[in-house]
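What follows is one structure encoded as structure tokens, with my remarks underneath.
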Amino acid sequence: MTDQQNRPGNELPRREIRDATILRGMAHPLRLKIMEELVKAGHATATELAERTGESAANCSWHLRQLARYGFIEEAEGGTGRQRPWRPIAQSVGTAADLEQEPEFGAAEDALMEAMLQREVDSFRRWFANRHDAPSEWRDASFSTQSWDYLTPDELAEFREEFMNLIRRFGLRDVNRIDPGKRPPDAQPVRLVAWAYPADLWPGTPRTGMEPGKGIERGTGIEPGTGIERGTGIEPGAATGPDTDNAADEGG
């Protein structure tokens, strides 16, 4: 157990990313999938992750090492080689607000946010299409909501802080729950996702967006429940790339 997972009161350590290379490295689809599988399972080997992702054990092993290199996972006890288990590092991850206008950093941040947004949209669609197969207690407890209001910047900032306090309260109630053996028997991984933004674009803003089935255009951002919040950090969870500084990524 690392110091990060053993803090008084289960407080998550905060980490600010200031390196565009790390953001690019995390935007890889397989790494995002591996991170999700590790968060759900608590720990897993390259061989186990290969079964869950449909990739080879060698490929998963390579990406696991990159995730460890970027500080998102660590080795767990037991096993060697591809039978060595890995686990996520519990941390609150954010990007540096003062670097958002830097072209390289901003482009890397956008690429990661867009990849994560696509995963969240795809995941919600799967849930929506299959929700009737879920137990009734989960159907009743889950929800989605859409709403409009007329807010000032200060009011929206106040709403955001209230919402983030709720995320901090429920998002990772106990860091120890990363260990499956310390979760309540009926606990399941739950995605907590929200966004709130001005509905109208400013004059002169390029009208980019996404077309159904054609992915995400540049210029969007998200606050995913187990990801990276742009500029200020997100509570809670472990954030989860192409890694343009390493040509080997192209094979993953």
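The values are calculated or read from the model by the stated rules, or taken from the named source; none is laboratory data. Keep in mind that what you see is a predicted model, and the values were worked out from it rather than measured. Reconstructed Cβ throughout: ideal geometry from the backbone, glycine too, with neighbour counts over all protein chains shown.
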The lone exception for Ile167 - which of (1) part of a helix (DSSP H, G or I); (2) surrounded by fewer than 17 Cβ atoms within 10 Å (Cβ to Cβ); (3) of a type outside the set (D, E, K, R); (4) modelled with pLDDT of 50 or more it fails: (2)
Qualifying positions in region 129-154 - surrounded by 10 or more Cβ atoms within 10 Å (Cβ to Cβ) and assigned to a helix (DSSP H, G or I): Arg131, Trp138, Arg139, Ala141
Among residues of region 17-29, those that are farther than 12 Å from Glu109 by Cβ and crowded, with 19+ Cβ neighbours inside 10 Å, counted: 2
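Which of the following residues is among the aliphatic types (A, V, I, L, M), outside any loop (DSSP other than H, G, I, E, B) and at pLDDT 90 or above: Ala196, Ala157?
Selected residue: Ala157, the only one of Ala196, Ala157 that is among the aliphatic types (A, V, I, L, M), outside any loop (DSSP other than H, G, I, E, B) and at pLDDT 90 or above.
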When residues of region 66-122 are limited to those that are among the basic types (Lys, Arg) and in a helix (DSSP H, G or I), the one nearest to Arg15 (Cα to Cα): Arg69
Restricting region 77-105 to residues that are modelled with pLDDT of 90 or more and closer than 20 Å to Leu32 by Cβ, the residue that is farthest from the chain's Cα centre (by Cα): Pro85
First in region 34-47 and crowded, with 21+ Cβ neighbours inside 10 Å, second anywhere and among the hydroxyl-bearing types (Ser, Thr, Tyr) and part of a helix (DSSP H, G or I), Cβ under 6 Å, 6 or more apart: Ala46/Ser61
All positions within region 42-59 that are hydrophobic (A, V, I, L, M, F, W, C) and touching a helix residue (DSSP H, G or I) at 6+ places or on another chain (Cβ under 7 Å): Ala44, Ala46, Leu49, Ala50, Ala57
